[in-house]
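Worksheet: the structure to be examined is printed underneath.
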Amino acid sequence: MARAGSTNSGRWGDATVRAGERGASHLTISENYAGSNVRIPLFIWRGKKKGPKVLVTAAVHGDEINGTGAIRQLIMTPSFELLAGTLILVPVVNLLGFERHSRYLPDRRDLNRCFPGTSEGSLASRFAKAFFDNIVRRCDYAIDLHTAAVRRTNFPNVRADMTGTKLAAFARAFGAELIVNNEGTKGSLRQSACAAGCTTLTLEAGEVWKVEPAVVEFALRGIHNCLAHLEMIDGEPSQPAYLIETDATKWVRAKHGGFLQFHVAPGTIVEQDEPIATNTSLTGEEQNVIVAPREGVVLGMTTLPSVAPGDPVCHLAFPRHGTLRKIERVVREMADDSLHQRLREDLARNMLVTDVAEEAEDA
Ligand SMILES: [Zn+2]
């Protein structure tokens, strides 16, 4: 299939960027209630040599702006010279959601369920199609930067369909310690882009409405690693200290309503039956202790201690049996100022994490 725009490979949105140059552009994607054009900012960076086209997107969910901060930093303080190929940076895809500090488009639809979009459908579906046809279909690879949804945080993890060798190699090159293997939700940018031949991974890291320093550093290191893997920049991708690839994850949910006292933080390794949180009344009486159903790693968790029955508390990833011991040893030996340890510390900074109370152990 001929790719749109193949006649003028330097034209992205309303600007043309020549080989060896970089510059800003805009893509007209929709219209607002005042009838003005909605134009999303693009930044195009081309190496002198031919190479792959790599797309980096953020804020497909308009409130998930860690990636927006990472892309801004990449544009303002580039840490490498792009030798080959094209880098297409989109700091905010869902501009209409972003302007409302919201995950959703104004029609209350989730853009990340509407790809590849249709020209006759809803606002979200048309928006998705304009972005998909003009940008995504022209790219060979994509990195889609997300955070956890509101009131949750994620320890940085890559999501990718690891059944294909090209995507598996790209996902491993990113250098995350945790890779969750799945196809992605139908209609997501990742799933649709992969189906259209654009090799795409997602990073899930941190919280909404924040630009978190360690998460930005993690995202930038990953982008850097992927470009090195594709030989678009000099150097070798850095390797993670350990690697867990899993397709087994589970949200542990609250049994009762109450107020949680956390015993784990994002990135914590837990044994089977280890306490995750103690659920108490507002006056501190214990209702129950929530425990890990299997040994695993805390992939994400709620940041809001008040819960109702069924509310998600902690998202656990379950690696292959027996691998956690080894990983625990590796983590213990990591320097305190390593990015991994700083991430763990930063993501837990605003959470009260305590040891489980003596009496709770008998409950
Ligand atoms: Zn998201």
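The values are calculated or read from the model by the stated rules, or taken from the named source; none is laboratory data. None of these values were measured; they are calculated from a predicted model. Methodologically, a virtual Cβ is constructed for each residue, glycine included, from the backbone with ideal geometry; neighbour enumeration extends over all protein chains shown. Note: accessible area is taken over every heavy atom of the protein model, side chains too, but ligands, DNA and RNA are not part of it. Shrake-Rupley method; radii C 1.70, N 1.55, O 1.52, S 1.80 Å.
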Express the relative contact order of the chain as a whole percentage, based on alpha carbon pairs under 8 Å and six or more residues apart in sequence.
14
So how do ASP234, ASP144, ASP355, ASP133 rank on accessible area, 1.4 Å probe, biggest first, that is with the largest at the start?
ASP355, ASP234, ASP133, ASP144
Could you please state, rounded to a whole Å, how far the C-alpha centre of region 35-55 is from the C-alpha centre of region 152-224?
20
Cut-off under 15 Å on the C-alpha distance; same-chain residues fewer than 8 positions from LYS50 excluded. Which aspartates and glutamates are left, in chain and number order?
GLU21, GLU81, ASP140, GLU231, ASP234
Using only the Cα atoms of the chain, build the gyration tensor, take square roots of its eigenvalues as a ≥ b ≥ c, and label the shape rounded, prolate or oblate: rounded if a/c is under 1.5, else prolate if a/b is larger than b/c, else oblate.
prolate
Can you tell me the accessible area per residue over the chain, all protein chains present, probe 1.4 angstrom, in square angstrom?
46
Size of electric dipole in region 195-275: Cβ of Lys, Arg +1 and of Asp, Glu -1, about Cα centre, debye, nearest 20:
420
Taking the highest mean first, how do the peptides 275-282, 245-252, 123-130 order by number of other beta carbon atoms within 10 angstrom per residue?
123-130, 275-282, 245-252
Would you pull out the residues with amide H under 5 Å of ASP247's amide H, same chain only if 5 or more places away, H placed 1.01 Å from N?
ASN181
Reachable lysines from LYS129, Cα under 24 Å, same-chain residues fewer than 8 places away excluded?
LYS53, LYS186
Under 14 Å from a point placed 7 Å out from the Cα of MET76 along the Cα-to-Cβ direction: which residues of region 206-242 have their backbone N that close?
211-213, 216-217
So how much slack lies between ARG253 and ASN288, counting 0.36 nm per residue of separation and subtracting their Cα-Cα distance, in nm?
11.4 nm
Given a Förster radius of 25 Å and the C-beta distance between SER122 and VAL150 as r, what FRET efficiency does 1/(1 + (r/R0)^6) yield to the nearest 0.05?
0.65
Any chance you could look up the accessible area of HIS256 with a 1.4 Å probe, heavy atoms only, rounded to 10 Å²?
80
